[in-house]
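The next block holds one structure in the form of structure tokens; read it before the comments.
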Amino acid sequence: MEPDEITPKKSAKRQRADEVKPYRCKNLIAVLECPSNIKNIGTVIRNINALGVEKAYIVDPRRSLPDDWQDMREQRALSKTSVSAIKWSFVKRFDSSEECLEHLDKNKFVSIVTSPHIKGKINVVLHEADYTE
């Protein structure tokens with residue numbers, strides 16, 4: 001047998017994911033805190049994947065998600081709403097915000113936070129802010 005006959009063919013989606021992998025941002029992690037709906041988690045994973053973010057951390061004190069990323073990949077609700085992005089995005093769940101922040105700190109990540117605008121406060125557009133201070 002020829003080597004090509006032994007190696008299974010990759011799907012078009014998997015081939016495309018492999019092609020863009022070198023361009024993904026390995027130094028940016030999206031953190032979703034206390035999502036109220038599992039469908040929202042899938043949507044966020046799809047969007048961060050489209051933006052080239054490689055990892056998502058979910059603070060999930062209600063334990064809606066399994067601890068193991070491989071088990072998350074098998075959940076139909078996540079796979080469907082993420083349009084299968086859960087299969088090539090790394091997702092880690094935490095029981096608390098403190099646990100997530102400790103993990104980020106231990107791994108030398110700097111936290112940049114966004115939140116809804118608050119009336120009377122100075123709001124900064126994400127890409128216009130100075131994060132060097």
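The values are calculated or read from the model by the stated rules, or taken from the named source; none is laboratory data. Only a predicted model underlies this, so the values are computations on that prediction, with no experimental measurement involved. Methodologically, a virtual Cβ is constructed for each residue, glycine included, from the backbone with ideal geometry; neighbour enumeration extends over all protein chains shown.
What is the number of the single condition among (1) surrounded by 17 or more Cβ atoms within 10 Å (Cβ to Cβ); (2) over 18 Å from S111 (Cβ atoms) that I48 does not meet?
Of (1) surrounded by 17 or more Cβ atoms within 10 Å (Cβ to Cβ); (2) over 18 Å from S111 (Cβ atoms), only one is false for I48: (2).
Of the residues that sit in segment 28-50 and are touching a residue at least 24 places away in the same chain (Cβ under 8 Å) and not in a helix (DSSP H, G or I), which one is farthest from E74 (Cα to Cα)?
Looking at the filtered set, the residue picked out is L28.
Determine whether segment 90-111 contains at least one residue that is at pLDDT below 70 and under 30 Å from A17 (Cα atoms).
Residues of segment 90-111 at pLDDT below 70: none.
Checked segment 90-111: no residue is at pLDDT below 70 and under 30 Å from A17 (Cα atoms).
Search segment 63-81 for residues that are among the charged types (D, E, K, R) and pair each with any residue that is assigned to a loop (DSSP other than H, G, I, E, B) when their beta-carbon atoms are under 8 Å apart and the residues are at least 6 apart or on different chains.
R63/D95
For segment 16-45: of the residues being touching a Gly at 6+ places or on another chain (Cβ under 8 Å) and within 22 Å of V110 (Cα to Cα), which is surrounded by the fewest Cβ atoms within 10 Å (Cβ to Cβ)?
Checking each candidate, the answer is Y23.
Cβ-Cβ below 6 Å, separation at least six or inter-chain, first residue in segment 1-27 and closer than 17 Å to A50 by Cβ and among the hydrophobic types (A, V, I, L, M, F, W, C), second surrounded by 11 or more Cβ atoms within 10 Å (Cβ to Cβ) and modelled with pLDDT of 70 or more: which pairs?
Close Cβ pairs (under 6 Å, with a partner that is surrounded by 11 or more Cβ atoms within 10 Å (Cβ to Cβ) and modelled with pLDDT of 70 or more) amount to A17/W88; C25/G52; C25/V53.
Tally up the residues in segment 77-98 that are in a helix (DSSP H, G or I) and either surrounded by 13 or more Cβ atoms within 10 Å (Cβ to Cβ) or touching a helix residue (DSSP H, G or I) at 6+ places or on another chain (Cβ under 8 Å) (or both), please. Quick ask: steps written out before the conclusion?
So the first thing to find is which residues in segment 77-98 are in a helix (DSSP H, G or I), and the list is 77-81, 85-87, 97-98.
Right, trim to either surrounded by 13 or more Cβ atoms within 10 Å (Cβ to Cβ) or touching a helix residue (DSSP H, G or I) at 6+ places or on another chain (Cβ under 8 Å) (or both) and you get 77-81, 85-87, 97.
So the answer is 9.
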